[in-house]
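One structure is given below, encoded as structure tokens.
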Amino acid sequence: MSVDQPTPDVKRQTATRDAFLGDRLWIEQPASGFRAGVDSVLLGASVNGASGELLDMGCGTGVAGLVALSGSPALVGTFADKSEAAIAMCTRNLSANAGGRGRAVCCDVTDGAAVREAAGILPNRFDVVIANPPYFHWLTATPPHDPDVASAHFHNNQALDLWVRAAVTTARAGADIVFIHRAEALSRMLASFAKRLGAIRILPVCPAPGLPASRILMRGTKGSRAPLSLLPALALHEHEGGPFTEPVNAILRGKSRLDW
């Protein structure tokens, strides 16, 4: 699902700088290892017209949060990641793209309230919280040798629930919390959301029409008692291996948001 491909959706200026949203964002990111792509754009584009403060947990180089800020001029972002290298890049990306509307802090959001508060991530504060947690389990795939890359991609049994708990703790009443994850994690992610959130909406993301979902976007509202909604799947490509669908292409080019 990377957008690091020879299509008009991402222009390569150098080995480490990429254009997103039709050149509206220029992002410095590692030439190898974890590179933001379609997942990060869909996550950020799901924040639509919000105001107040946004928290991007596990922000990496900041793509999802910057996409969110680009569509919500009244939003200010806090970007948190435990990788010092990622935060250094994120800080530069904020300076280049966000016009002072964000700050980046080095913090493992799952390490507990005291660690978060020491980094200025206070409880009951944020109007929107987004996250793209590590996708793979240590027991089902072989992690890479690079510890930063492994940390970005791999988790243990308790990790996803810790991410959701941290998101809910930092969110104010009425705040939206939005995660993206692999479809295989649906049951675990729903269990974590349902314990703490209402108005849960699930948007499956499939590679092409008729194919099984490979990703899940999930949104919940803190303090809501509204029932769960399962939405029709969003197809990324017109057919397997084909071009992006018109709605997805418009999102990737920054011409529309993901309204769900």
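Look at Ala98 and say whether it is surrounded by 15 or more Cβ atoms within 10 Å (Cβ to Cβ) and at pLDDT below 95. Against the criterion (surrounded by 15 or more Cβ atoms within 10 Å (Cβ to Cβ) and at pLDDT below 95), Ala98 qualifies.
Among the candidates Ala64, Ala85, Ala80, the residue that is of a type outside the set (Lys, Arg) and modelled with pLDDT under 95 is uniquely Ala85. When restricted to residues that are under 17 Å from Lys82 (Cβ atoms), touching a strand residue (DSSP E or B) at 6+ places or on another chain (Cβ under 6 Å) and hydrophobic (A, V, I, L, M, F, W, C), segment 17-62 contains 3. Here Pro73 clears all of (1) at pLDDT 90 or above; (2) surrounded by 22 or more Cβ atoms within 10 Å (Cβ to Cβ) except the condition numbered (2). Does at least one position in segment 148-156 carry a residue that is surrounded by fewer than 19 Cβ atoms within 10 Å (Cβ to Cβ) and either over 20 Å from the mean Cα position of the chain (by Cα) or modelled with pLDDT of 95 or more (or both)? Taking every residue of segment 148-156 in turn, none turns out to be surrounded by fewer than 19 Cβ atoms within 10 Å (Cβ to Cβ) and either over 20 Å from the mean Cα position of the chain (by Cα) or modelled with pLDDT of 95 or more (or both). Within segment 227-239, the residues that satisfy the criterion of being in a loop (DSSP other than H, G, I, E, B), farther than 15 Å from Val178 by Cα and either modelled with pLDDT under 95 or under 24 Å from the mean Cα position of the chain (by Cα) (or both) are Pro227, Pro232, Ala233, Leu236, Glu238.
Residues considered: Gly102, Gly77, Gly65, Gly58. Of these, the only one that is among the small types (Gly, Ala, Ser) and on the phi > 0 side of the Ramachandran plot is Gly58. When you scan segment 164-176, how many residues do you find that are surrounded by fewer than 24 Cβ atoms within 10 Å (Cβ to Cβ), touching a strand residue (DSSP E or B) at 6+ places or on another chain (Cβ under 7 Å) and not in a strand (DSSP E or B)? Final tally of qualifying residues: 1. For segment 213-227, residues that are surrounded by fewer than 14 Cβ atoms within 10 Å (Cβ to Cβ) and closer than 20 Å to Leu258 by Cα total 0.
The values are calculated or read from the model by the stated rules, or taken from the named source; none is laboratory data. Model, not experiment: these values are computed from the prediction. Note that each Cβ is placed from the backbone with ideal geometry, even for glycine, and that neighbours are counted across all protein chains shown.
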